[in-house]
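Written below as structure tokens is the structure these notes are about.
The values are calculated or read from the model by the stated rules, or taken from the named source; none is laboratory data. What you see is a predicted model, and the numbers here were worked out from it, not measured in a lab. No Cβ is skipped: glycine too gets one built from the backbone with ideal geometry, and neighbour counts run over all protein chains shown. Remember, those area values only see protein heavy atoms, side chains included, never the ligands or the DNA or RNA. Shrake-Rupley method; radii C 1.70, N 1.55, O 1.52, S 1.80 Å.
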Amino acid sequence: MTRLFARRATLRRSVDLLGSFRFEQSAPEKFYGGLARDTVELIGDLYTGLTGADLSGTTVVDVGGGPGYFADAFAEGGARYVPIEPDPSEMHAAGLQVGGAIRGSGLALPLRTGSVDVCFSSNVAEHVATPWVMADEMLRVTRPGGLVVLSYTLWWGPFGGHETGPWHAFGGEFAARRYARKHGKDPKNRYGVSLFEVGCTDGLAWARSTDDGELLAAFPRYHPRWAWWLVKVPAVREFLVSNLVLVLRRR
């Protein structure tokens, strides 16, 4: 299932992606441009591994798609890309115009059951108080045999606190207060409001227990292939996996 993408999961890719994180807020177009290309390669390889086909002609829904940074990259891959975003300020943050973009909540996706080929979410679940409700919705709107990919940042990993890290290791509220004292403003990602503790074990438990999907793979998004085994080690995975990818087939 992951064979195609595993060939891309090199140390060079890991270094390039992790290095780009420093531009997330200062130069988002630079950060998201590289992430978009990597995301299309990830989704494309997984979809091919599942169905034997490429993304041409598919409908791909991006839950929490923000302003649509991934739109052009998916269009180049032949897919109809539909971002869904609840926050209007986020939708228009980059001045992009994405045809078909939908304002809506990931907790109640405004789509028919079984209506899309691929449903994915990248770095959103940690910003949702009830992420597994969102994950269930992602499965609901995906057609039987379709692909669901949920990728999210682990709380105890190095990026779990986002801009408040690494102080989140001493508690999310402590980290938020420290950030406010240092910068004179609240962090964009406010603990308990728009940033929550979500772990690797939590996601694996949901994926293995849902009746609507079959877990096909789980691996660290930004690690080289030779480090994917970390997902199998309890406790250690919470600190070292950083970002977990859950790959499911809709039953």
**Fill in**
Rounded to two decimals, the Debye log10 I(q)/I(0) of the chain (Cα scatterers, no solvent) at q = 0.08, 0.13, 0.17 Å⁻¹ is -0.28, -0.79, -1.46
**Compactness of the stretch 42-140, expressed as Rg and Dmax over alpha-carbon positions, Å** = 13.0, 38
**Item:** Residues Asp212 and Arg13, FRET efficiency given R0 of 35 Å [Cβ-Cβ distance, rounded to 0.05]
**Value:** 0.65
**Item:** Net lengthening on full extension, Ala75/Val236 (0.36 nm per residue, minus Cα-Cα)
**Value:** 54.1 nm
**Asked** What's the carbon and sulfur percent of the stretch 154-206's accessible surface, probe 1.4 angstrom, rounded to a whole number?
**Response** 57
**Inter-probe distance in nm under a simple model that places probes 7 Å from Cα toward Cβ, at Lys182 and Arg3** = 4.7
**Request:** May I have the extent of the alpha carbons of the stretch 188-227 along their three principal axes, as whole Å values ordered from largest to smallest?
**Result:** 33, 31, 13
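To the nearest 20 debye, what charge dipole does the stretch 147-251 have about its Cα centre, counting +1 at the Cβ of each Lys and Arg and -1 at the Cβ of each Asp and Glu? Each step should come with its number before you reach the end.
Working: 15 positive and 9 negative charges, 66 e Å.
Dipole of the stretch 147-251, to the nearest 20 debye: 320 debye.
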**Asked** Per residue, how much accessible area does the chain show when a 1.4 Å probe rolls over the protein heavy atoms, in square angstrom?
**Response** 46
**Request:** Using +1 at the Cβ of each Lys and Arg and -1 at the Cβ of each Asp and Glu in the stretch 95-176, identify which of Asn123, His162, Gly146 lies farthest towards the dipole's positive end.
**Result:** Gly146
**Prompt:** Share of the stretch 210-251's accessible area from carbon and sulfur, percent, 1.4 Å?
**Reply:** 60
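Starting from the Kirkwood radius over alpha-carbon pairs of the stretch 161-224, derive D by Stokes-Einstein at 20 °C in a medium of 1.002 mPa s and give it in µm² s⁻¹. Mind dumping the intermediate values first?
Working: Rh = 13.9 Å.
Calculated translational D: 155 µm²/s.
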